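This report concerns only the one structure given below.
The values are calculated or read from the model by the stated rules, or taken from the named source; none is laboratory data. Every value quoted in this text rests on a predicted model; they were computed, and no experiment measured them. Note that we place each Cβ from the backbone using ideal geometry, even for glycine, and neighbour counts take in every protein chain shown. Accessible surface areas use protein heavy atoms only, side chains included; no ligands, DNA or RNA. Shrake-Rupley method; radii C 1.70, N 1.55, O 1.52, S 1.80 Å.
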Amino acid sequence: MIWDPQHECMEREQMQALQLQRLQQVVARAYDRVAFYRQLFDEKGIRPQDVRSLADLARLPFTTKDALRENYPYGLFAVPMQQIVRLHASSGTTGKPTVVGYTRNDLNTWAELVARMVTQAGVTSGDIAQITFGYGLFTGAFGLHYGLERVGAAIVPASVGNTEKQITLMQDFGTTVLVGTPSYALHLAEVARGMGVDPVALPVRLGLFGAEAWTEEMRRELEAAWGIKATDNYGLSEIIGPGVAGECGHSPGWMHISEDHFLAEVIDPHTGQPLGLEQEGELVITTLTKEALPLIRYRTKDITVLTAQPCACGRTTLRMRKVSGRSDDMLIVSGVNVFPSQIESVLMSIEGIAPHYQIILGKKGYLDYIEVQVELTEEAFTGQFRDLEELERRIKTRLQSVLSIGPRVRLLEPHSIERSQGKARRVIDLRRQPQDK
Ligand code: DLL
């Protein structure tokens, strides 16, 4: 089913006309109401009326997360506080959190967009959806909640944690849709098995996973562990939260973008130059309808590709490829670029190791090293020492051929890596700690 065929299946030309009209409105609004944008545009000598075509977008300046931090908490809001009805925030790893606000219309748009996204993933009003994102300042739980409610699914607002109870709820309430981060979904499966419950035998049939990068190998792992169809969806709090893009079931690995609300571009992360369709780079989004927090050319730092290839589902919107990582989580180890997703792909395709890993970066003398810690499965752990040595060698060789540097590999006992409750923390960089300087 298509939730909003009028917008999801719009003729390309019509969509572009709508986007241009909305772009002109949002630029004018931001200029009139947000001091930060007025100053930025004035400095560059750009006036809102200079936007005459979609191609003019490339002339507008970027917005970065720093702008949100520097204007903490409400400095980028384009409406008075009387019109704000919800606040969320993302903590990030450093400095002040970024705060995002919503008007009543924004909340309505958000619920609509999440309704589109869950419908295209296959949710119907007959489903029972358990939300395992934390209810709080994070946009994940509330975003999915109101979108699923709009579709008419029965929501189990389990929130994060209490992992054993989550399994009992699934059994007792007959949960059919599991909503959360892919890493927490793996943990849930493991806890279920520990309780003597086979996740495959549970009524869960569909997973809506997002909020962190995960590979195709991880998808296969999750589908096998739960006996479900695992779908990906993408969003970020600055732009709206979840509901920016999602998979439709016809083209795994590619997510339809709600283009009537978000204008997407891909740029070269180093030069800022726009790239074409089918070219890999950093996703940049302009919000077209947000009232409280309009953002122009927001640099997401997420690495993806856009395509306009037609999709068998009938939707005509641009699609973005599964996010392979962030431009700022590329690791540089002795001058070699390494993406955590490359490591995940290798690990998940090797028998005998569990899908739980951590990447440690350190320094020995002046030299960087990378250590990949990975858990053994119960079966491999109780096996022969010789087999373990052989396994370690195999992992090392496979990683080396993909990364072009030789990592250290450490095999750990089952269950020794801390399980994530929300977004997994895969990389620990000891090089940044003062004693290593
Ligand atoms: O994670 C919003 C969200 C919640 C999306 C629930 C989907 C489901 P933030 O906490 O602001 O918002 O984090 C946004 O998370 O820039 C990406 O780096 C990453 N991210 C989100 N979804 C995906 C995904 C929410 N499907 C940041 N694949 C984004 C890869 C993702 N990375």
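For HIS250, nonlocal amide neighbours, meaning residues 5 or more places apart or on other chains whose placed amide H falls under 5 Å from its own, do not occur. Rounded to the nearest 20, the Cβ-based charge dipole of the range 331-429 about its Cα centre (Lys and Arg +1, Asp and Glu -1) stands at 420 debye.
The range 175-242 and the range 269-328 have their alpha-carbon centroids 24 Å apart.
In order along the range 6-15, phi translates into HN-Hα couplings of 4, 8, 6, 10, 5, 4, 3, 5, 5, 4 Hz, rounded to whole numbers, per the Karplus curve 6.51 cos²θ - 1.76 cosθ + 1.60 with θ = phi - 60° and x for Gly and Pro.
With the convex hull constructed from alpha-carbon coordinates only, the range 331-429 shows a mean projected area of 6.5 nm² over all directions. What the phi angles of the range 351-357 give under the Karplus curve with 6.51, -1.76 and 1.60, with θ = phi - 60°, is a coupling list of 6, x, 10, 7, x, 10, 8 Hz, glycine and proline written as x. Show the residues, 5+ positions off or on another chain, whose built amide H is closer than 5 Å to the amide H of ALA354. Counting only residues 5 or more places away or on other chains, the set is GLU375, LEU376, THR377. Ordered by solvent-accessible area of protein heavy atoms (1.4 Å probe), largest first, the residues HIS270, HIS261 come out as HIS270, HIS261. Relative to one another, the C-alpha centroids of the range 63-121 and the range 27-61 are positioned 21 Å apart. Computed on the range 1-104, with alpha-carbon pairs under 8 angstrom and 6+ residues apart, the relative contact order is 20 percent. Counting lysine pairs in the chain that sit 8 or more residues apart in sequence, or on different chains, and whose Cα atoms lie under 24 Å apart gives 23.
Taking the centroid of alpha carbons for each part, the range 126-141 and the range 329-366 are 30 Å apart.
Each listed q (0.10 Å⁻¹) maps to a log10 I(q)/I(0) for the chain from the Debye sum over equal C-alpha point scatterers, namely -0.75. For the chain, CYS9, CYS311 have no disulfide-compatible partner, since no other Cys C-beta lies under 4.7 Å from theirs.
Of the chymotrypsin sites (Phe, Trp or Tyr not before Pro) in the range 344-417, the ones in a loop by DSSP (not H, G, I, E or B) with at most 12 other beta carbons within 10 Å are TYR366.
The antiparallel fraction among DSSP beta bridges confined to the chain stands at about 65%.
Principal axis extents of the C-alpha atoms in the range 98-150 (largest first, rounded to whole Å): 34, 23, 14.
The 1.4 Å probe gives accessible areas that order CYS9, CYS311, largest first, as CYS9, CYS311.
Taking amide H positions as modeled 1.01 Å from N, with prolines and chain starts lacking one, the residues under 5 Å from LYS363 and 5 or more places away or on another chain are TYR369.
Whole-Hz Karplus values for the range 128-141 come out as 10, 10, 9, 9, 10, 6, x, 6, x, 5, 4, 7, x, 5 Hz, taken residue by residue from phi with 6.51 cos²θ - 1.76 cosθ + 1.60 and θ = phi - 60°; glycine and proline positions read x. By accessible area, using a 1.4 Å probe on protein heavy atoms only, the range 331-429 has 49% of its surface on carbon and sulfur.
Based on C-alpha pairs under 8 angstrom that are at least 6 apart in sequence, the range 331-429 has a relative contact order of 33 percent.
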